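Nothing in this text is a laboratory measurement; each read-out follows from the coordinates by a stated rule. Keep in mind that what you see is a predicted model, and the values were worked out from it rather than measured. For neighbour counting, all protein chains shown are included, and Cβ atoms are generated from backbone atoms with ideal geometry for every residue, glycine included.
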Amino acid sequence: MNLTTDNKEATGMTEKALVNAYSLDAHGLEQAHYMVVLESGFLEDCGSYRTYGLMSTQWSHEGWYIKSEIHDITTDLNTALDMASTFNGHQLSMLHFADVVEDWLTKG
């Protein structure tokens with residue numbers, strides 16, 4: 001699992017769809033919106049494979065920004081979709097993003 005954080009402007013998203021995700025979390029921070037990201041990986045013994053990561057975006061006065069990404073979480077799309085849906089539904093704070101992903105993956 002690889003966690004990166006930056007302030008690149010989120011691309012490929014419509015402002016209308018994302019504006020609905022804006023709210024404040026319990027810490028007074030603008031609430032994150034979590035999305036599944038399709039990625040590709042390569043292992044010498046297996047070759048290329050599809051993998052899914054998650055990214056969190058956040059609204060600022062300048063627009064939507066990618067705040068953090070966790071790459072190569074799972075090869076199962078349904079697991080990634082369940083995580084994003086749960087994180088959005090429970091308004092997960094970005095402060096806990098990496099820890100909750102790790103807990104999710106080790107619970108099974």
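Under the 0.36 nm per residue contour assumption, what length would be gained going from the current alpha-carbon distance of D76 and K107 to full extension?
Values: separation 31, 0.36 × 31 = 11.16 nm, distance 1.58 nm.
So the extension gain works out to 9.6 nm.
Quote the FRET efficiency, to the nearest 0.05, computed for L43 versus Q91 with a Förster distance R0 of 30 Å and r equal to the Cβ-Cβ distance. Intermediate results must be reported in sequence, preceding the final value.
Details: r = 36 Å, r/R0 = 1.19.
Approximately 0.25, to the nearest 0.05.
Quick query: amide H of A32 versus all other amide H atoms, modeled in the peptide plane; which residues come in under 5 Å with a sequence gap of 5 or more or a different chain?
M94
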